[in-house]
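Before any comments, here is the structure.
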């Protein structure tokens, strides 16, 4: 698949900034990086995807997908490097994802990684971490995406971090109640396994 996309990009001399191909290339490298084994290979693939995402946003400053994959790829690179080694990447990630909200505030995709960013990043003065903001974003996420197991799982984790035990239990239960995405079930399957484990701990 990636070979086909790159061949099309190379052949499209009259339109080198083909936005649709560029963001799809970024998405493809994100997918490959997620499934790669070694951290070094993950980073190589994520970095390649980030390059395409940067080209996508340069080609279309109103394109939701370009900014979304730019933000997610920055976050993926940061996770592989470790939080404390990647603090300089927090603001570019936030800026890309918040641009998505400006373009289309009713589209749910960007709320998940943005909520996770505010949840996982260190708080001030080191970084922008803010658990209350994370919870607000997660609430908006499940409002816009009410049947996603993965989104409910993230909401539950953030609720748990704010010591909202009942809310966390409700979110984890919701996570288990919805079917997995048939096109890419990995995240939903992993979310359900983790949600089940969290519920077991909360019920003890």
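The values are calculated or read from the model by the stated rules, or taken from the named source; none is laboratory data. Computed from a predicted model, the values in this text were never measured in an experiment. A quick note on method: Cβ atoms are made from the backbone with ideal geometry, for glycine too, and the neighbour counts reach across all protein chains shown.
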**Request:** Could you check, for the stretch 52-61, whether at least one of its residues is without any contact (Cβ under 8 Å) to a residue 24 or more places away in the chain, crowded, with 16+ Cβ neighbours inside 10 Å and under 12 Å from residue 25 (Cβ atoms)?
**Result:** yes
**Item:** Filter pass, residue 46 being more than 19 Å from residue 108 (Cα to Cα), more than 16 Å from the chain's Cα centre (by Cα) and in a helix (DSSP H, G or I)
**Value:** no
**Item:** Selection status of residue 122, free of Cβ contacts under 8 Å to residues at least 40 places away in the same chain and outside the structural domain of residue 160 (by TED's automatic domain parsing)
**Value:** no
**Request:** Just one of (1) surrounded by fewer than 19 Cβ atoms within 10 Å (Cβ to Cβ); (2) more than 18 Å from residue 111 (Cβ to Cβ) trips up residue 192, so point out which.
**Result:** (1)
**Request:** State whether one or more residues within the stretch 97-106 are over 18 Å from residue 65 (Cβ atoms) and part of a loop (DSSP other than H, G, I, E, B).
**Result:** no
**Asked** Restricting the search to the stretch 141-168, which residues are surrounded by fewer than 17 Cβ atoms within 10 Å (Cβ to Cβ) and either more than 27 Å from residue 182 (Cβ to Cβ) or in contact with a helix residue (DSSP H, G or I) (Cβ under 6 Å, 6 or more places away or on another chain) (or both)?
**Response** 161, 162, 163, 164, 165, 166
